[in-house]
Amino acid sequence: MIINIAHTKGGVGKSTLATNLAVELTLPILDLDMQRSSFFFNEIRKDAGYPEMKVFYAQSDEEMAFLSDYKGNRKKHIIVDSGGMDNNLHRLAILYADVILTPIGLSQIELLGLQNFYSILEEANDNSILAKEYVILNQVNSRSKKEIEGIKELIHEEFGLKVLNSMISSRKIFKDAFSEGKSVVEKQSKSASAEEINSLCDEIKKILKKRG
């Protein structure tokens, strides 16, 4: 099945989530990010002697066709690291996806970005796309409990989208681990960040099982 980490807004942490999930779930990545973040993460990883990931690339509809082997396949999964933009390739990735995971932070700007992405999902005129969309609160201050509950309620009321129970806090360890080609679990398995990533992995597994 295809897990697309997708958002038209840049800087929301898509590649960090994609690489951490790919390492911990032992899954390949399709890197659609123009910055090739997942590719460079894997290069650092290989140079450091860690098990290398399988990274795919696509620059045309034809090169995306291999995703049909993953779509709806309960025994074969892949992560798509979409770039922070809107083009035909990224819209095709949304159509292919079995699960769309959109990270956002706790700010008005983030909500405006979600509104833009939501309008793209609506343009597809396919209710099944909205049914596979999940929002994850990312790079947040976990102590801002009132703000977190407020934005969850707003997302539900304004967009009718599902918000994952798992949240990812803003911590330096994510940048440090990425720069070393590691997941945060590999970097520090007993850390709060590792616990958050493990929780997210478990939640995604349950979603895939339910959607399958």
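Values as computed for the structure displayed
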| item | result |
| --- | --- |
| Share of Cα-Cα pairs in the stretch 155-206 lying beyond 12 Å, as whole percent | 67 |
| Per residue value of the accessible surface for the stretch 66-212 (all protein chains in place, 1.4 Å probe), Å² | 52 |
| Protein accessible area in the stretch 77-212, 1.4 Å probe - carbon and sulfur % | 47 |
| Viscosity 1.002 mPa s, 20 °C: Kirkwood-radius Stokes-Einstein D of the stretch 1-87 over Cα pairs, µm²/s | 163 |
| Among Ser107, Phe56, Ser169 the positive-end extreme of the charge dipole of the chain (Cβ point charges) | Ser169 |
| Gyration tensor verdict on the stretch 56-212 (Cα atoms; rounded if a/c is under 1.5, prolate if a/b is larger than b/c, oblate otherwise) | oblate |
| Check: the stretch 173-212 dipole with +1 on Lys, Arg Cβ and -1 on Asp, Glu Cβ, in debye | 300 |
| Separation of the Ser68 and Glu195 label points, Cα + 7 Å toward Cβ, nm | 4.6 |
| Filter on Lys14/Lys54; Lys75/Lys205; Lys175/Lys205 - keep pairs with C-alpha separation over 21 Å | Lys175/Lys205 |
| Helix-only CD estimate at 222 nm, as mean residue ellipticity for the chain, using -39500 (n - 2.57) per DSSP H run (n ≥ 4) | -14500 deg cm²/dmol |
| Beta bridges per DSSP with both ends in the stretch 1-111, % antiparallel, nearest 5 | 0 |
| Relative contact order (%) - criterion: Cα under 8 Å, at least six apart; region: the stretch 1-148 | 35 |
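The values are calculated or read from the model by the stated rules, or taken from the named source; none is laboratory data. These numbers come from a predicted model, not from an experiment. Every residue, glycine as well, gets a Cβ built from its backbone with ideal geometry; the counts of neighbours run over all protein chains shown. Keep in mind that these areas ignore ligands, DNA and RNA; they rest on the heavy atoms of the full protein, side chains included. Shrake-Rupley method; radii C 1.70, N 1.55, O 1.52, S 1.80 Å.
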